[in-house]
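Following: one structure in structure tokens, then a few remarks.
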Amino acid sequence: MLTHKGTQTINTDRLLLRRFELDDAYDMFKNWVNDSEVTRFLSWEPHNNIEVTKKIVEQWVNEYKHNNIYDWAIEAKEIGEVIGAISIVKLDENHHSCEIGYCMARKYWCKGIMSESLKAVIDYLFSEVGFNRIVAKHDTNNIASGKVMIKSGMEYEGTLRQVKLRDNKDFYDLAVYSILKDDWEGAKDK
């Protein structure tokens with residue numbers, strides 16, 4: 001049985017993973033949600049005004065009352081700004097598994113920040129909540145996201161061919177990665 005604790009604060013060397021707050025909409029809009037390069041491989045369009053961002057953050061904040069919501073703001077300690085997000089996007093209670101999704105401001109790409117975030121969240125979900133399996137998927141054209149998953153200890157499982165439709169015109173493939181609790185704990189012991 002899962003022991004839901006909700007979105008708890010997680011500290012890493014460079015990051016504070018925490019619940020979103022209403023004022024985070026400004027950092028989000030400034031740093032990534034309006035950037036078409038960031039959203040190019042995601043399932044949502046860039047925000048064209050901050051009001052869209054504010055509504056989404058308000059929804060997330062309201063959902064925190066449920067202890068099975070896991071939605072972290074990624075705050076860079078050095079600058080005190082929210083530079084990304086990492087969340088459980090699918091949760092399967094019966095099989096103790098979940099799927100994680102993430103995104104981050106472009107200027108922080110290729111600095112190990114998302115791997116640091118993903119490792120911290122994986123550890124929390126295995127050790128505190130009791131998940132047995134964690135999955136992440138990426139558009140096969142987004143090779144950098146696959147590298148984040150590998151750096152975080154996940155293993156490639158396969159490709160779901162033409163499983164998604166972008167802009168109602170182009171089908172695309174998703175690469176699937178996962179990690180099991182036993183694998184995570186075994187890697188920590190080494």
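Couple of notes before you dig in:
- Qualifying residue in region 92-99 (condition: touching a Cys at 6+ places or on another chain (Cβ under 9 Å) and modelled with pLDDT of 95 or more): yes
- Being of a type in the set (Lys, Arg), surrounded by fewer than 15 Cβ atoms within 10 Å (Cβ to Cβ) and closer than 27 Å to Phe131 by Cα holds for only one residue in Lys77, Lys5, and it is Lys5.
- Enumeration of residues in region 107-153 that are surrounded by fewer than 18 Cβ atoms within 10 Å (Cβ to Cβ) and at positive phi: Cys110, Gly112, Gly130
- Qualifying residue in region 19-31 (condition: out of contact with any Ser or Thr (no Cβ under 8 Å at 6 or more places or on another chain), in contact (Cβ under 8 Å) with a residue 40 or more places away in the chain, over 24 Å from Ser145 (Cα atoms) and surrounded by fewer than 17 Cβ atoms within 10 Å (Cβ to Cβ)): yes
- Residues that are aliphatic (A, V, I, L, M) and in contact (Cβ under 8 Å) with a residue 24 or more places away in the chain within region 36-55 comprise Val38, Leu42, Ile50, listed in sequence order.
- Spans of strands (runs of 3 or more DSSP E) in region 32-124 with at least 2 residues within 17 Å of the chain's Cα centre (by Cα) and more than 21 Å from Arg14 (Cα to Cα): 81-92, 97-104
- Within region 114-143, the set of residues being within 17 Å of Cys103 (Cβ to Cβ) and among the acidic types (Asp, Glu) comprises Glu116, Asp139.
The values are calculated or read from the model by the stated rules, or taken from the named source; none is laboratory data. These numbers were taken from a predicted model, which means no experiment stands behind them. Cβ: placed from backbone, ideal geometry, glycine included. Neighbour counts: every protein chain shown.
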